[in-house]
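J.: This is the structure I have questions about; it appears just below.
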Amino acid sequence: MQLRLPSSVSEAQRCLADGAVPIGGATLVWAGWQRDGFPEQAVSLRDLSEANAFGPEELGGAVPLHRVDATVPEVLHRAASGVGTGAVRRAATVGGNIVGSTLRCLLPAALVLDARATVLTADGVYETDLAELLAKRHVLLALRWRTPLVSGYRKLPGETGGPPPLVVAVAVHADGDAPGRVRVAVRDGYEVVSESTPYRTDAEQVLRDLAETTALSLPAPAQEALRREVADVLARAAA
């Protein structure tokens, strides 16, 4: 297998046009390749500056998870720090986790941040939403968002050999100078659902508003985890 390491967007586009398979840290695909055979070419964006962006409101697709620190919102920092072991986080990347993994540990956090994705295709670079990113499995150059007023993340213990642990992410976004909207996302098994509702100080009312949506029809353990995290985030937003 030839691993190509482009250092410019145009070079990365040529790699994709030549049929190179995008990889992040290859933490999830390596075993499959060993079993089924390696592609002729693979491409990594680790040498591409656009894919290594890092700041309070942006995160490149090639950034390893162990580098995701308190520079970014709490919900994203905690999501990244809760992925696997230290060895996994040093290899796994943001883009690989969101696009290349069925676990998508960072996706709930990205959803509540209302993040936009800058994607790379053989034809060019453009910005899109997370729904298109996942549906078309584009190569992720970077995520960008507006910093929320407050955010939170809760990951319940999982069973060895069982489905992925339940994850709840919550963020309160501003409307002018005041809180305006509450966004929530839940990973239950391999499914991720998200919803938003106008901000209220009463956590129970926010939960009732969310319960009226079809997207957030959750089992009891997920409802309880969501209730606790919404209450905590709203209390911090009102402080």
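J.: Provide the packing ranking of 6-15, 121-130, 138-147, i.e. peptides ordered by the mean count of other C-beta atoms within 10 Å per residue, highest first.
T.: Top to bottom by mean Cβ count within 10 Å: 138-147, 6-15, 121-130.
J.: On a 0 to 90° scale, report how tilted helix 220-238 is relative to the longest principal axis of the chain, with both axes built from alpha carbons and the result rounded to the nearest 10.
T.: Computed tilt is about 80 degrees.
J.: Let me ask something else. Would you kindly state how much longer the chain becomes between His66 and Glu132 on full extension, computed as 0.36 nm times their sequence separation minus their alpha carbon distance, in nm to one decimal?
T.: This chain segment gains 21.1 nm when fully extended.
J.: Okay, moving on. Semi-axes of the equivalent ellipsoid of region 197-239: what are they in whole Å, largest first, if each equals the square root of 5 times a C-alpha gyration tensor eigenvalue?
T.: For region 197-239, the ellipsoid semi-axes come out as 18, 12, 6 Å.
J.: For a quick check of understanding: with a 1.4 angstrom probe and all protein chains in place, what accessible area in square angstrom does Glu58 have, to the nearest ten?
T.: 60
J.: Could you report the chain's accessible area per residue, 1.4 Å probe, as an integer in Å²? Display every interim value, and only then the final one.
T.: On the way: 11520 Å² over 239 residues.
That works out to 48 Å² per residue.
J.: Given a Förster distance of 25 Å, report the FRET efficiency between Arg144 and Trp33 from their Cβ-Cβ distance, rounded to the nearest 0.05.
T.: For Arg144 and Trp33, the calculated efficiency is 0.20.
J.: As an exercise, use a Förster radius of 25 Å and the Cβ-Cβ distance of Arg181 and Phe54 to find the FRET efficiency, rounded to the nearest 0.05.
T.: Once rounded, the FRET efficiency stands at 0.45.
J.: Suppose a student asked you for the relative contact order of the chain, using Cα pairs under 8 Å spaced at least 6 residues apart; what percent would you report?
T.: Dividing the mean separation by the residue count of the chain yields 15 percent.
J.: Rounded to a whole number of µm²/s, how large is the Stokes-Einstein D of the chain at 37 °C and 0.692 mPa s, given Rh as the Kirkwood radius over C-alpha pairs? Before the final figure, lay out each step's value.
T.: On the way: Rh = 18.5 Å.
This corresponds to a translational diffusion coefficient of 178 µm²/s.
J.: So between Glu212 and Leu156, what do we pick up on full extension, going 0.36 nm a residue minus the alpha carbon distance?
T.: Answer, rounded to one decimal: 17.7 nm.
J.: Would you calculate, for the chain, the mean residue ellipticity at 222 nm contributed by helices, counting each DSSP H stretch of 4 or more residues as -39,500 (n - 2.57) and dividing by all residues, to the nearest 500?
T.: Per the formula, -8500 deg cm²/dmol.
The values are calculated or read from the model by the stated rules, or taken from the named source; none is laboratory data. Everything numeric here is computed off the predicted structure, so don't read it as measured data. So basically every Cβ, Gly included, is an ideal-geometry build from the backbone, and we count neighbours across all protein chains shown. Note: areas computed on protein heavy atoms with side chains; ligands, DNA, RNA excluded. Shrake-Rupley method; radii C 1.70, N 1.55, O 1.52, S 1.80 Å.
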